[in-house]
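Accompanying notes for the structure given below.
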Amino acid sequence: MDHPLIDLINQKIAEAQADGSFDNLEGAGKPLPDCDDPQNALLNRLVKEAGGVPEFVSLSRELAKLREELRETGDRTRRHDIMKEMSMMEARIELARKAYR
């Protein structure tokens, strides 16, 4: 089944071709770049351009902050709480790494 707007879409493409909108596009005449994951290529590119990182990377950054806080904290109760958080964070990082693979 065709898209309900297929005729309008084709008309707009034909108009753009006639107007020369597709002439001199960046990368014209060059081969397409290799792609490991063509189904998610656009999504991956957008995430990368937006500065997105895998979950385990962001969790590792949080863990580094917790380690720094632990070094600077003298309160025993707070240190105990930080160590609990660090333990949980390490488990989450390991799970995120496994999911990423």
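The values are calculated or read from the model by the stated rules, or taken from the named source; none is laboratory data. Since this is a predicted model, take the numbers as computed values, not measurements. Cβ atoms come from the backbone with ideal geometry, glycine included; neighbour counts cover every protein chain shown.
For this structure, a couple of remarks:
- The criterion of at least 2 residues that are under 30 Å from ARG101 (Cβ atoms) is met, among helices (runs of 4 or more DSSP H) falling completely within the range 1-90, by 41-49, 55-72.
- Every condition in (1) under 30 Å from GLU85 (Cβ atoms); (2) free of Cβ contacts under 8 Å to residues at least 12 places away in the same chain holds for ASN40 except the one numbered (1).
- Selection of the range 27-57 for residues being within 25 Å of ALA91 (Cβ to Cβ) and touching a helix residue (DSSP H, G or I) at 6+ places or on another chain (Cβ under 9 Å) yields GLY52, VAL53, PRO54, GLU55, PHE56, VAL57.
- Here the range 18-41 is the region considered, the condition is being of a type in the set (A, V, I, L, M, F, W, C) and exposed (fewer than 10 other Cβ atoms within 10 Å of the Cβ), and the residue that is farthest from SER58 (Cα to Cα) is ALA18.
- Reported count of residues in the range 47-60, each being surrounded by 11 or more Cβ atoms within 10 Å (Cβ to Cβ) and either modelled with pLDDT under 85 or not hydrophobic (A, V, I, L, M, F, W, C) (or both), is 7.
- For GLU15, the criteria (1) surrounded by 11 or more Cβ atoms within 10 Å (Cβ to Cβ); (2) modelled with pLDDT of 95 or more; (3) acidic (Asp, Glu) hold in every case but one, which is (1).
- Cβ separations smaller than 6 Å between residues 6+ apart or across chains give the following pairs from the range 58-77 residues that are more than 19 Å from ILE93 (Cα to Cα) to residues that are at pLDDT 95 or above and outside any loop (DSSP other than H, G, I, E, B): THR73/ARG79.
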